[in-house]
Amino acid sequence: MKKTTLFAIFIVLLFGVTQRGFSLTIINWTSYSNFNSATMTFGGISTNSVFFSDIDSFQALFHSHGGFVNVKIDALLDGTWTNIFSTGITGFASTTLNSLGTLNFAPGIVSGMRFTSVPGQNQTFHYFNGMRMNFAAPATVPEPGTAVLLCLGLVGLGSWGRKRMKVNN
């Protein structure tokens with residue numbers, strides 16, 4: 001075999017062994033549209049991150065109605081409410097949830113989300129009836145056996161190549 005063929009086989013083996021699938025669970029917000037504080041529970045999802053997107057043209061957002069407000073997003077992680085985002089805001093400037101990017105937290109089972117503003121203001125959160133929560137599955141850790149097999153294959157290819165070079169010389 002040519003060196004380029006061996007290199008191509010090596011690349012296919014390497015990526016075939018190390019690539020993992022990506023899983024995404026999507027939950028549509030089915031509760032209130034405009035609120036000060038709301039909680040939604042659902043079946044447990046094994047995850048370590050969430051990002052928000054919109055179902056329709058209205059973007060889920062939060063803002064203060066003039067005074068200071070602390071906005072919190074909590075996840076019901078392994079049965080305990082855990083804060084995954086918090087910010088203080090003043091004034092009427094709005095922040096869309098999809099602008100927050102991915103919120104990462106410790107891997108676990110998420111079975112609820114809670115959105116609150118403190119001190120409570122009338123309708124800090126808006127347009128949530130068109131909001132989608134996207135939970136990504138945590139990255140899988142390759143089994144130790146995979147690394148051992150890969151190393152054994154590389155050693156085998158190296159010794160085979162060395163043997164061929166001795167025969168050709």
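If the condition is being β-branched (Val, Ile, Thr) and at pLDDT 90 or above, then the range 93-108 contributes only THR102.
Taking (1) surrounded by fewer than 17 Cβ atoms within 10 Å (Cβ to Cβ); (2) modelled with pLDDT of 80 or more; (3) over 16 Å from MET40 (Cβ atoms) in turn, TRP81 satisfies each apart from (3).
Residues that are modelled with pLDDT of 90 or more, among the aromatic types (Phe, Trp, Tyr) and assigned to a strand (DSSP E or B) are absent from the range 55-78 altogether. Per the listing SER111, SER159, the residue uniquely at pLDDT 85 or above, more than 17 Å from PHE35 (Cα to Cα) and of a type outside the set (A, V, I, L, M, F, W, C) is SER111. Might you check whether a residue that is of a type in the set (Gly, Ala, Ser), within 21 Å of GLN59 (Cα to Cα) and without any contact (Cβ under 8 Å) to a residue 40 or more places away in the chain occurs anywhere in the range 108-117? Checking the range 108-117: not a single residue is of a type in the set (Gly, Ala, Ser), within 21 Å of GLN59 (Cα to Cα) and without any contact (Cβ under 8 Å) to a residue 40 or more places away in the chain.
The values are calculated or read from the model by the stated rules, or taken from the named source; none is laboratory data. Since the structure is predicted, the reported quantities are computational estimates derived from the model, not experimental observations. Methodologically, a virtual Cβ is constructed for each residue, glycine included, from the backbone with ideal geometry; neighbour enumeration extends over all protein chains shown.
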